[in-house]
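Here, each number is a calculation from the coordinates, and none is a lab measurement. Keep in mind it's a predicted model, so treat the numbers as computed, not measured. Here the Cβ is made from the backbone with ideal geometry for all residues, glycine too, and neighbour counts use every protein chain on show.
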Amino acid sequence: MNTPHPPEALPVPPELGDALEGFETVAVITHVAPDGDAIGSTLGLVHLLREQGKQAIPICQDPVPYQVNWLPHVDEFQRTIPPDVDAIISIDLSDIDRMGSPYDPEQFGHLPLINIDHHATNTLFGTVNWVEPRAVAACEMVYHLARAQNWPLTPRVATYILTGLLTDTRGLRTANVNARVMHVATHLVELGAPIGEITELTFNRKPLSLIKLWALALPHLHIEKEGIIWTIITEAMREEAGHREENDGGLVSFITAAEGMLVGIVFTEKPDGRVNVSFRSRPGVDVSRVAFALGGGGHPQASGATLNGSLDDVIPRVLAQVKEMLQHAGEA
Ligand code: 5GP
Ligand code: MN
């Protein structure tokens with residue numbers, strides 16, 4: 001871990017290290033509809049724990065998304081938690097429901113639950129909670145944990161961690177990127193993470209079906225005079241485009257870049273009949289509180305919620321709340 005200018009460390013609570021010492025077999029679970037940070041932080045932590053002699057199993061309700069399906073060992077993800085684990089670590093998720101079907105409180109509620117997350121909206125549901133909103137990615141927390149514990153970082157683990165760091169910052173392009181984050185990224189490259197290859201595979205490659213889906217979604221673009229830009233993704237569009245993956249592949253960030261817009265929203269119909277609402281905003285406009293009020297969560301500039309009801313029910317309700325938030329922000 002020698003580096004000429006070691007990155008500034010984010011503090012790791014001592015009880016976390018103690019808790020990690022205390023078990024042999026652990027399930028590491030991340031959120032439904034995972035993104036690059038979810039997958040990278042889970043695999044990074046799983047491989048670090050295995051290198052310390054633990055048995056660690058990566059768990060996720062949903063498949064690994066196309067964006068990071070090139071990472072090694074993505075096929076190790078399981079959809080159910082083995083019954084004999086000593087503890088559960090949740091990573092990159094802000095409330096207990098985001099674990100989805102694998103976490104049955106009846107079956108696993110008695111086990112230690114270690115909550116590692118970087119969302120300010122985290123509900124502190126664990127028996128040990130390490131919530132660090134300064135971290136730009138859960139992957140950055142895994143990096144600081146490894147350093148605090150003096151665990152060596154192999155090139156493979158550095159690759160997992162850098163991949164999630166890059167996806168949650170959209171390639172180091174979000175407003176929360178600072179010198180510490182650049183130092184961490186540099187250190188991961190020094191440790192053997194191939195940044196050029198990661199960037200190429202993660203950002204410069206999309207399924208054709210996703211581009212077709214964007215082409216179907218963009219004609220439904222709406223602009224509200226309050227500075228809100230939004231569109232929809234329906235089940236019928238996904239069917240027509242032949243795109244089964246639930247995430248929008250970056251569409252919400254793309255539309256939010258439109259000049260003069262404060263908030264961007266994509267409303268996506270889910271196969272279970274609910275609607276996922278994905279928010280982005282300009283620095284200075286906090287969409288995480290609206291998402292939290294709707295039962296979801298996230299970050300000031302990127303958040304979301306999943307609501308019951310049809311698009312026709314959900315859209316006016318959400319737009320009214322966002323407009324109210326913008327009005328208050330304007331008065332503040
Ligand atoms: P995305 O818009 O990329 O799906 O998600 C952006 C952020 O919002 C992520 O940090 C994600 O964890 C959070 N988020 C998205 N959907 C939900 C949701 O349904 N519930 C919660 N709690 N957070 C969400
Ligand atoms: Mn994250």
Pop a pseudo-label 7 angstrom from the Cα along the beta-carbon direction at both V189 and Y66 and give the gap in nm to one decimal.
2.8
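With +1 on each Lys and Arg Cβ and -1 on each Asp and Glu Cβ, how big is the dipole of the chain about its Cα centre, in debye rounded to the nearest 20?
Working: 23 positive and 41 negative charges, 170 e Å.
Taking the Cα centre of the chain as origin, the dipole is about 820 debye.
Strictly greater than 17 Å: what percent of every Cα pair in segment 222-274 meets that? The partial results should precede the final answer.
On the way: 558 of 1378 pairs.
Value for segment 222-274: 40 percent of Cα pairs lie more than 17 Å apart.
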Please give the Cα centre distance for segment 21-93 versus segment 271-332, rounded to the nearest Å.
29
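Given a cut-off of 19 Å, what percent of all Cα-Cα pairs of segment 129-203 lie beyond it?
Numbers: 758 of 2775 pairs.
Of all Cα-Cα distances in segment 129-203, 27 percent exceed 19 Å.
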What number, in nm² with one decimal, is the all-direction average of the projected area of the convex hull of the alpha-carbon atoms of segment 14-203?
9.6
Label-zone membership for segment 144-181, site R134, 7 angstrom Cα→C-beta point, backbone N under 19 Å
144-150, 165, 169, 174-181
Taking Cα atoms, the helix 138-148 axis meets the longest principal axis of the chain at an angle in degrees (rounded to 10) of 20
What list of ³J(HN,Hα) couplings, whole Hz, do you get for segment 167-173 from phi and the Karplus terms 6.51, -1.76, 1.60, once you set θ to phi - 60° and write x for glycine and proline?
5, 6, 9, 6, x, 6, 10
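If you count, for each residue, the other Cβ atoms within 10 Å and average over each peptide, how do 133-140, 175-182 line up from highest to lowest?
For the peptides 133-140, 175-182, the packing ranking is 133-140, 175-182.
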Once both label points are put 7 Å beyond Cα along the C-beta direction, the E197-Q327 separation in nm becomes 5.4
Figure the gain on full extension for E51 and H220 (residue separation times 0.36 nm, minus the Cα-Cα span) and round it to one decimal in nm.
55.9 nm
Send over the semi-axes of segment 208-331's equivalent ellipsoid, whole angstrom and largest first, taken as the square roots of 5 times the C-alpha gyration tensor eigenvalues.
23, 16, 12
At 1.306 mPa s and 10 °C, Stokes diffusion of the chain via Kirkwood alpha-carbon radius, µm² per second
78
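Can you compute the charge dipole magnitude of segment 208-331 about its Cα centre, using +1 on each Lys and Arg Cβ and -1 on each Asp and Glu Cβ, nothing else charged? Give it in debye, rounded to the nearest 20.
Details: 11 positive and 16 negative charges, 40 e Å.
With only Lys, Arg, Asp and Glu charged at Cβ, the dipole is about 200 debye.
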